[in-house]
1. Residues in region 35-49 that are buried (at least 16 other Cβ atoms within 10 Å of the Cβ) and within 11 Å of the chain's Cα centre (by Cα): how many?
2. If I ask for residues that are assigned to a strand (DSSP E or B) and either touching a helix residue (DSSP H, G or I) at 6+ places or on another chain (Cβ under 8 Å) or at pLDDT 85 or above (or both), which ones from region 62-79 would you list?
3. Being surrounded by 13 or more Cβ atoms within 10 Å (Cβ to Cβ) and free of Cβ contacts under 8 Å to residues at least 40 places away in the same chain is the filter; apply it to region 1-20 and report the residue that is farthest from residue 58 (Cα to Cα).
4. Taking the stated definitions as given, is residue 82 under 14 Å from the mean Cα position of the chain (by Cα), at pLDDT 95 or above and assigned to a strand (DSSP E or B)?
5. Are any of the residues in region 24-31 more than 11 Å from the chain's Cα centre (by Cα), closer than 26 Å to residue 119 by Cβ and free of Cβ contacts under 8 Å to residues at least 60 places away in the same chain?
C-alpha cells in the first residue's frame with residue numbers, strides 16, 4: 001500500500017472509529033503531536049493513546065466535527081495533507097472552519113509520526129470576540 005493510500009485509510013479509520021485498522025497502520029511507537037491551544041493539544045505515544053485522547057477531546061469541545069481533505073502531497077517518506085476542520089463549538093454553539101495541515105512520516109510502511117499545524121489563534125480570537133459581545137449585550141441590558 002502506498003503511503004498516500006495509508007493516510008487516506010487513516011482518515012477513514014477516524015471517521016468510522018476503526019481502532020483495529022488504525023492500530024495496524026501505525027507504528028506501535030507512533031508520536032502524535034497536536035498544536036497547543038487546539039482540541040487534544042499535546043504529544044501522544046502509541047495508537048491507543050492517540051485514539052483515546054483525541055476522540056475524547058474533540059467530542060468534548062466540538063459537535064458534529066469533521067476534517068475535510070483538500071489536497072494530499074506525496075514527499076516520499078512524508079505525506080502532507082492540506083484541509084480544514086469544521087464543526088460546532090460545544091460551548092458557544094457557533095460553527096467554525098479552521099484550516100490545518102498534517103504531516104505524516106513513515107518508516108517500513110507504518111506511520112511513525114504525525115504533526116499538525118493549525119491557526120489556533122482563530123479559536124482564541126473568536127472566544128474573545130464572543131465574550132466581548134456578550135459583555136456588551138449584558139451591559140446594555142443593565143442600562144434599560
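The values are calculated or read from the model by the stated rules, or taken from the named source; none is laboratory data. Since the structure is predicted, the reported quantities are computational estimates derived from the model, not experimental observations. For neighbour counting, all protein chains shown are included, and Cβ atoms are generated from backbone atoms with ideal geometry for every residue, glycine included.
1. Looking only at that region, the number is 4.
2. 65, 66, 67, 68, 69, 70, 71, 72, 73, 74, 78, 79
3. Here the answer is 9.
4. Yes: the conditions hold for residue 82.
5. no
Each row is one residue, and each column tells you yes or no for (1) assigned to a loop (DSSP other than H, G, I, E, B); (2) more than 21 Å from residue 96 (Cα to Cα).
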| position | (1), (2) |
| --- | --- |
| 30 | no, yes |
| 38 | yes, no |
| 44 | no, yes |
| 49 | no, yes |
| 56 | no, no |
| 60 | no, no |
